[in-house]
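Novice: My questions will all concern the structure given below.
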Amino acid sequence: MIRFAIYAGLADMEASIRRTILGPLWSTLGLAFLVACLSLFFGSVLKQVLPDYPEYTALLASGLIAWTFMASCVHQSCNLVWSFLNTLRHNRMTLVVPVVRVMLRNFVILLLNISLALIIAWLYFGRLAVTPLALLGGILLLVLNTFWISYVAALASARFRDLPQLIAWGLHLAFFLTPILWIEDNLPRHGYLIDINPFASLIALLRHPLLGLPVTAEIWLGASLIGLLGLLLARWLGRHAAHRLPYWL
Amino acid sequence: MAGIALRHVSVTFPMFFAGDRSFKRNLFGPLLGPQSSRHRNTVIALDDVTLALQGGSRLAVLGGNAAGKTTLLRVLGGLLPPSKGSAETHGRAISLLGTGIGIDANFTAHQTIIGQGLLLGFGAAACRQRLERAVDFGALEGVLDQPLNTLSQGDQVRLALGIAVAYEAEILLIDEMLDHLQPAMIDRLCKHIESGMPPSSIVVIAERSKAFLERICDQAVLLNHGKLLDSGPLAGMLERHQTQLTS
């Protein structure tokens, strides 16, 4: 099953780069353009209390890279039952397979985004502050958490047709409530809003190692705990609800 | 040896209406009053069906429209878990239900053959080895690099048959797909079932062509509104239920 998911994910990648010169780099360039626009906007127009401009751009880019991966996986998983209806209807497969397929193609884009960000940082600063081991661990935990969120979203969206819209709305809200566009230090009075926001820990898993910042024990522990509880929830749903999937298609 | 055992299998489909599929409506249902569940209905597609098939079975599934034939085949192929009762399937089941082969409309025929093999548990090398056999049986040389959504229905059915042959189906389930095939291809399929498939395999067919059924099958079951009304040798079944099957 997983071999099929990998094969299909690679076929998706191949289809996306067929007859294009830049292929998946389009999404990376799109993200780079977004970072440039947002950093100019928030850095100049709003005159937000910021660290220096390059530092803000690095914070913004690393946050957006992590968020884009997570949000794309969850968003695409919400609609995958309808995208892969034929596959699910005619084969004995669990929903894990199309979720892995969706995640795989987004993972390749994540790696491209990280690579490009590192190259730009090296060209700009002449050095890299990245901590490789923490980055590897961070990517692993981010992928693990994205997997369970995507699986639960996919299964629930198969049953409830209005959930994709609700989840898209929730992701929008979470995007603004999570320190991606803004700096954590700019929230002195309501710091608990970051502490109770699980996405903040998940973003930090990628952002901190990329910028050479220490990944605190709180972040590791928080992300691991969310991952563990989420995987348990996904497993429980897989056992008690996933067998109803053919009746919802 | 392949084997299938259905014990008191019932399949009940919930009839979803817009409100039933709404998360908001289900979450706040009690607050919205009795109208939130006014549409909840079910359709009984199979009703207490018990059936055992041993290796070597060649079974025809008879019945009119909405008798439950496709649902029965989906349960036999392990694609649909029963709502009640139990279904056990032993052997590599390949279901050819309608023209749906079931991977991805954007996949090419080549990718579909490899992908189906991977889904059936074969390794990548084994899939590549069997590719030629699928292409040969389905006469797919000209369409191998075409995406599925550009293939004619006949091509899609030949692709499905090529896959079933290449990956050596131990349980072959065929449902209403022969209308799209040329007589020569139907003859090739019959010859494959008669002499190409192992004697321990199971073939279950739900088709309207009496000649095709008589050539392949020796046993039959008759379904009506999800109930298994009768079973026995095909010849006798066709004779007993001729009026019902032609009406």
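Novice: Looking at (1) of a type in the set (D, E, K, R); (2) under 19 Å from the mean Cα position of the chain (by Cα); (3) surrounded by fewer than 16 Cβ atoms within 10 Å (Cβ to Cβ), which is the only condition B:Asp175 fails?
Specialist: (3)
Novice: Sticking with this one: Just to be sure, is B:Arg128 more than 30 Å from B:Val43 (Cβ to Cβ), within 14 Å of chain A (Cβ to nearest Cβ) and modelled with pLDDT of 90 or more? Break it down stepwise before answering.
Specialist: Working: more than 30 Å from B:Val43 (Cβ to Cβ): yes; within 14 Å of chain A (Cβ to nearest Cβ): yes; modelled with pLDDT of 90 or more: yes.
In short, yes.
Novice: Kindly establish whether B:Asp104 is at the interface with another protein chain (Cβ under 10 Å from one of its Cβ atoms), surrounded by fewer than 24 Cβ atoms within 10 Å (Cβ to Cβ), farther than 30 Å from B:Asp230 by Cβ and of a type in the set (D, E, K, R).
Specialist: On the way: at the interface with another protein chain (Cβ under 10 Å from one of its Cβ atoms): yes; surrounded by fewer than 24 Cβ atoms within 10 Å (Cβ to Cβ): yes; farther than 30 Å from B:Asp230 by Cβ: yes; of a type in the set (D, E, K, R): yes.
Against the criterion (at the interface with another protein chain (Cβ under 10 Å from one of its Cβ atoms), surrounded by fewer than 24 Cβ atoms within 10 Å (Cβ to Cβ), farther than 30 Å from B:Asp230 by Cβ and of a type in the set (D, E, K, R)), B:Asp104 qualifies.
Novice: How many residues does segment B:40-99 contain that are assigned to a loop (DSSP other than H, G, I, E, B), more than 14 Å from chain A (Cβ to nearest Cβ) and touching a residue at least 24 places away in the same chain (Cβ under 8 Å)? If you could, list the steps in order and put the result at the bottom.
Specialist: Going through segment B:40-99, the residues assigned to a loop (DSSP other than H, G, I, E, B) turn out to be B:40, B:55-57, B:63-68, B:77-83, B:91-92, B:98-99.
This time we only want the ones that are more than 14 Å from chain A (Cβ to nearest Cβ), so: B:55-57, B:63-68.
With the extra rule that they be touching a residue at least 24 places away in the same chain (Cβ under 8 Å), the set shrinks to B:55-57, B:63-64, B:66-68.
Going through segment B:40-99 one residue at a time, the tally reaches 8.
Novice: While we're on this one: For segment A:203-219, state whether one or more residues are surrounded by fewer than 16 Cβ atoms within 10 Å (Cβ to Cβ), within 14 Å of chain B (Cβ to nearest Cβ) and at pLDDT 90 or above.
Specialist: For segment A:203-219, residues surrounded by fewer than 16 Cβ atoms within 10 Å (Cβ to Cβ), within 14 Å of chain B (Cβ to nearest Cβ) and at pLDDT 90 or above: absent.
Novice: Could you give me the residue pairs with C-beta distances under 8 Å whose first residue belongs to segment A:166-187 and is closer than 15 Å to A:His208 by Cβ, whose second residue is part of a helix (DSSP H, G or I) and at pLDDT below 90 wherever it lies, and which are 6+ apart or on separate chains?
Specialist: Taking only residues 6 or more apart or on different chains, the pairs are A:Pro179/A:Ile194; A:Ile180/A:Leu60; A:Ile183/A:Tyr56; A:Ile183/A:Leu59; A:Glu184/A:Ile194.
Novice: How about segment B:1-42: which of its residues are at pLDDT below 65 and of a type in the set (Asp, Glu)?
Specialist: Listed by number, the list is empty, since nothing qualifies.
Novice: All but one of (1) loosely packed, with under 15 Cβ neighbours inside 10 Å; (2) away from chain B (no Cβ under 14 Å); (3) part of a helix (DSSP H, G or I) hold for A:Arg239; which doesn't?
Specialist: For A:Arg239, the exception is condition (2).
Novice: I'm told B:Gly121 meets every condition in (1) under 29 Å from B:Ala60 (Cα atoms); (2) at the interface with another protein chain (Cβ under 9 Å from one of its Cβ atoms); (3) crowded, with 21+ Cβ neighbours inside 10 Å except one. Can you identify the failing condition by its number?
Specialist: Tallying (1) under 29 Å from B:Ala60 (Cα atoms); (2) at the interface with another protein chain (Cβ under 9 Å from one of its Cβ atoms); (3) crowded, with 21+ Cβ neighbours inside 10 Å, B:Gly121 fails exactly one: (3).
Novice: Turning to a different aspect of this structure: Are there helices (runs of 4 or more DSSP H) fully within segment A:147-223 with at least 2 residues that are over 24 Å from A:Leu59 (Cα atoms)? List them.
Specialist: Values: elements: A:163-177, A:192-195, A:198-211.
Qualifying helices (runs of 4 or more DSSP H): A:163-177.
Novice: Also, I was wondering about something else. Among residues belonging to segment A:79-121 that are among the basic types (Lys, Arg) and under 16 Å from A:Ala11 (Cβ atoms), point out the one that is surrounded by the most Cβ atoms within 10 Å (Cβ to Cβ).
Specialist: The first filter runs over segment A:79-121 and keeps only residues among the basic types (Lys, Arg), leaving A:89, A:92, A:101, A:105.
Going one step further and asking which of them are under 16 Å from A:Ala11 (Cβ atoms), we end up with A:101, A:105.
Details: A:Arg101: 26, A:Arg105: 21.
Applying the filter and picking the extreme gives A:Arg101.
Novice: Could we say that A:Phe160 is aromatic (Phe, Trp, Tyr), crowded, with 22+ Cβ neighbours inside 10 Å and within 12 Å of chain B (Cβ to nearest Cβ) here? Don't jump to the end; show me each part of the working.
Specialist: Details: aromatic (Phe, Trp, Tyr): yes; crowded, with 22+ Cβ neighbours inside 10 Å: no; within 12 Å of chain B (Cβ to nearest Cβ): yes.
In short, no.
Novice: Report yes if B:Gly115 is in a loop (DSSP other than H, G, I, E, B), within 20 Å of A:Arg3 (Cβ to Cβ) and either within 14 Å of chain A (Cβ to nearest Cβ) or not aliphatic (A, V, I, L, M) (or both), otherwise no. Full working, then the answer.
Specialist: On the way: in a loop (DSSP other than H, G, I, E, B): no; within 20 Å of A:Arg3 (Cβ to Cβ): yes; either within 14 Å of chain A (Cβ to nearest Cβ) or not aliphatic (A, V, I, L, M) (or both): yes.
So B:Gly115 fails the test.
Novice: Restricting attention to segment B:176-212, which residues are among the β-branched types (Val, Ile, Thr) and touching a strand residue (DSSP E or B) at 6+ places or on another chain (Cβ under 7 Å)? Full working, then the answer.
Specialist: Filtering segment B:176-212 down to residues among the β-branched types (Val, Ile, Thr) leaves B:186, B:193, B:202-205.
Matches in segment B:176-212: B:Ile193, B:Ile202, B:Val203, B:Val204, B:Ile205.
The values are calculated or read from the model by the stated rules, or taken from the named source; none is laboratory data. These figures come from a predicted structure and were not determined experimentally. With ideal geometry, Cβ positions are generated from the backbone for all residues, glycine too; neighbour counts draw on all protein chains shown.
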